[in-house]
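Novice: Dropping the structure in here first, questions after.
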Amino acid sequence: MKIKVIRAVNLHLPPVKPRTSPRRPASKSYAPRALPMSKYPEWPPGLPGDSPGIGGKTVWVQVVAEDGTWGYPFTRTAREGVLGA
């Protein structure tokens, strides 16, 4: 099966409220993540916000196959202006 259309779309999902309160803080607020870039000295293993490609804008992409089936994958590493988002 071949892909017929790929396009960036604005998808506005309603916010989801947690049903329970957290038992502990999220680990991303205090622990560095092991990322492939961490081995290079110019990209220190800081918190995720200090690493390239982390903390970007969510971009949804509509993908349509030739038989009409479709899907909405997304990325959270896009910057403003990428894919027209």
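The values are calculated or read from the model by the stated rules, or taken from the named source; none is laboratory data. Treat the numbers as computed from the prediction; the structure is a model and nothing was measured. Every residue, glycine as well, gets a Cβ built from its backbone with ideal geometry; the counts of neighbours run over all protein chains shown.
Novice: Cβ contacts < 7 Å: first residue closer than 18 Å to residue 57 by Cβ and modelled with pLDDT of 85 or more, restricted to the range 8-37; second residue in a loop (DSSP other than H, G, I, E, B) and among the aliphatic types (A, V, I, L, M), any location; separation 6+ or different chain. Result?
Specialist: What qualifies is 8/85.
Novice: Additional query: Is it the case, given these coordinates, that residue 42 is over 16 Å from the mean Cα position of the chain (by Cα), modelled with pLDDT under 90 and not small (Gly, Ala, Ser)?
Specialist: yes
Novice: Mind checking whether some residue in the range 67-78 is at pLDDT 80 or above, within 21 Å of the chain's Cα centre (by Cα) and assigned to a loop (DSSP other than H, G, I, E, B)?
Specialist: yes
Novice: Still on this structure, please answer the following. Somewhere in the range 48-64, is a residue outside any strand (DSSP E or B), more than 14 Å from the chain's Cα centre (by Cα) and modelled with pLDDT of 75 or more?
Specialist: Within the range 48-64, not a single residue is outside any strand (DSSP E or B), more than 14 Å from the chain's Cα centre (by Cα) and modelled with pLDDT of 75 or more.
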